[in-house]
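*Asks:* One structure, pasted below without further comment.
None of the figures in this text is laboratory data; all of them are computed from the coordinates on show. Just so it is clear, the structure is predicted and the values come from calculations on it, not from any experiment. Cβ sites come from the backbone with ideal geometry, for glycine too, and all protein chains shown count toward neighbours.
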């Protein structure tokens, strides 16, 4: 198994009185894909969002426990959230490019973090677009709006945008659920490429997608982590009956 | 649950077809042995004639298994259930062929009188028939203990087969005139011994279905 990239310890998330995530301790291996699965409302997206403090923006949300990334507990209130989110990129369900050109969508982050030189920005833009297999499709129209791209291209642009600030970890919340099968296949292939350099955590409702692209799978239910194991084991011979029942469509 | 209805119906059909194959194989072995003991060639021909039907059921199981995999994307125990059904049907199909091989020996011996009454072969066949029935029952009931019993029964069949071969060698050495018939009876022993091995494979498949690991019961 790869070295650990980061881990959580007894991580709980509350929305007011309701505990949405219950004392979850999980290791995330370096440069592997971890899929979080479970029925709607099981806490997997809440858990994902707490890995880069996105829940801070939700009123009444409270976090207990620890998330250790690179020797730092990011739940510590002293954490610089901006620099944290530089290390941990996030990709959402619906592609959300900025209302800017393709070029500016990618250059925005590095520029925000202080990179000003045009050559350096050009290099980053090309590099990120190549990594997401978009370069050949858009290199002649970098000044066009990102919103002019197809849905699948927009999502790859968002992934490219998140890579531009050199993260170590990518969090993806159902990144292909709004896309057609061909675009979905491209995103899945891209995830397979990206894991050579990044640790990836993906929330998905598509069981076959989790089976295809992840190295490890975690099954969440009612805020608990029911089972977490190698994906092949989870999908052929899970240890818990409730995992088997969920994967087989008996509930959820 | 409504969303799984078609899938559950498909899985039930797989099970029914396997049970039917098991019953047919058990009857084929019983018939072939009857034919051998009574040297009844017409009964042996019936056994040979019945084999294509068994093969057809195996094909139907393969088609349904493929369809369920393609349309339902089974995982976990559902997936193991389908993989196991395909494996068991292939074991049963081979057991059917081996029963036919026993029947064909009767046809090759047609018109002859057996040089000795059969003792070990009927015993081997009786244990093997029980194994066929119990292996299928262990599958239907997901009974791991019964699946493991196949290994013990198989040891008994193997011991009888060794005994049979030893006896045949001695008899052939004593009386070269019986070599042709003794060879064929030795083959029958081999066919039945193989049938028991396939029943043991079914036991292994049942353990895999229920607990997810693959034991070697054929040691």
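*Asks:* Which residue, B:157, B:140, B:188, tops the fluctuation ranking in a GNM of chain B built on C-alpha contacts under 10 Å?
*Replies:* B:140
*Asks:* When only alpha-carbon atoms count, how far does chain A stretch along each of its three principal axes, as whole angstroms with the largest first?
*Replies:* Taking the Cα atoms of chain A, the three principal extents are 53, 42, 34 Å.
*Asks:* Then there is this: Size of region A:173-223 along its principal axes in angstrom, Cα-based, largest extent first?
*Replies:* Per principal axis, max minus min of the Cα coordinates gives 32, 26, 16 Å.
*Asks:* Within 10 Å of each Cβ in A:231-242, how many Cβ atoms from other chains are there, averaged over the peptide?
*Replies:* 3
*Asks:* Here's a follow-up. Does a label point 7 Å from the Cα of residue B:41, set along Cα-to-beta-carbon, have any residues of region B:107-129 with amide nitrogen under 18 Å, and which are they?
*Replies:* The answer is B:107-115.
*Asks:* Using alpha carbons only, how many degrees (0 to 90, rounded to 10) separate the axis of helix A:181-194 from the longest principal axis of chain A?
*Replies:* The answer is roughly 90 degrees.
*Asks:* Would you please give the FRET efficiency between residue B:126 and residue A:224, computed as 1/(1 + (r/R0)^6) with r the Cβ-Cβ distance and R0 = 51 Å, to the nearest 0.05? Provide the component values of the computation, followed by the final result.
*Replies:* Values: r = 53 Å, r/R0 = 1.04.
Calculated transfer efficiency: 0.45.
*Asks:* For peptide A:244-251, how many partner chain Cβ atoms fall within 10 Å of a residue's Cβ, on average? Display every interim value, and only then the final one.
*Replies:* Values: counts 5, 3, 2, 7, 11, 9, 5, 1.
Average neighbour count from other chains, rounded to a whole number: 5.
*Asks:* So, one more: Output the peptides A:96-106, B:189-199, B:141-151 sorted from most to least packed, where packing is the average of other Cβ atoms within 10 Å over each peptide's residues.
*Replies:* B:189-199, A:96-106, B:141-151
*Asks:* Another question about this same structure. Any chance you could give the angle, 0 to 90 degrees and rounded to 10, that helix A:118-131 forms with the longest Cα principal axis of chain A?
*Replies:* Taking Cα atoms only, the helix is inclined about 50 degrees.
*Asks:* If you don't mind, another one. Round to the nearest 10 and give me the degree value, 0 to 90, for the angle of helix A:102-112's Cα axis relative to the longest principal axis of chain A.
*Replies:* Helix A:102-112 sits roughly 70 degrees off the main axis of chain A.
*Asks:* Still on this structure, please answer the following. For region B:73-167, what is the convex hull volume of its Cα atoms per residue in Å³?
*Replies:* It is 108 Å³ per residue.
*Asks:* If each DSSP helix of 4+ residues adds -39,500 (n - 2.57) and the sum is divided by the residues in the protein assembly as shown, what number results at 222 nm, nearest 500 deg cm²/dmol? Provide the component values of the computation, followed by the final result.
*Replies:* Details: 16 runs with 275 residues, N = 471.
Taking each H run of at least 4 residues, the total per residue is -19500 deg cm²/dmol.
*Asks:* If contacts are Cα pairs under 8 angstrom and at least 6 residues apart, what is the relative contact order of chain B in percent?
*Replies:* Rounded, it is 26 percent for chain B.
*Asks:* Quote the relative contact order of region A:32-119 in percent (integer), defining contacts as alpha-carbon pairs under 8 Å separated by 6+ residues.
*Replies:* 15
*Asks:* Same structure, new question: Pop a pseudo-label 7 angstrom from the Cα along the beta-carbon direction at both residue A:25 and residue A:40 and give the gap in nm to one decimal.
*Replies:* It is 3.4 nm.
*Asks:* Between residue A:118 and residue A:62, what is the label-to-label distance in nm when each label sits 7 Å out along the Cα-to-Cβ direction?
*Replies:* 5.4
*Asks:* Next up: Per residue and in cubic angstrom, what volume does the convex hull of the Cα atoms of region A:28-150 have?
*Replies:* Hull volume normalised by residue count: 163 Å³.
*Asks:* Now for a different question. In whole angstrom, how long is each semi-axis of the equivalent ellipsoid of the protein assembly as shown, when you take the square root of 5 times every eigenvalue of its Cα gyration tensor and sort them from largest down?
*Replies:* With the √(5λ) rule applied to the protein assembly as shown, the semi-axes are 65, 23, 19 Å.
*Asks:* Please report, in Å, the Rg and the Dmax of region B:2-211, where both are computed over Cα atoms only.
*Replies:* Here Rg and the maximum Cα pair distance are 18.9, 70 Å.
*Asks:* Ok, one more. Please report, to two decimal places, log10 I(q)/I(0) for region B:119-219 at q = 0.18, 0.22 Å⁻¹ as given by the Debye formula with identical point scatterers on the Cα atoms and no solvent.
*Replies:* Values, matching the q order: -0.76, -0.98.
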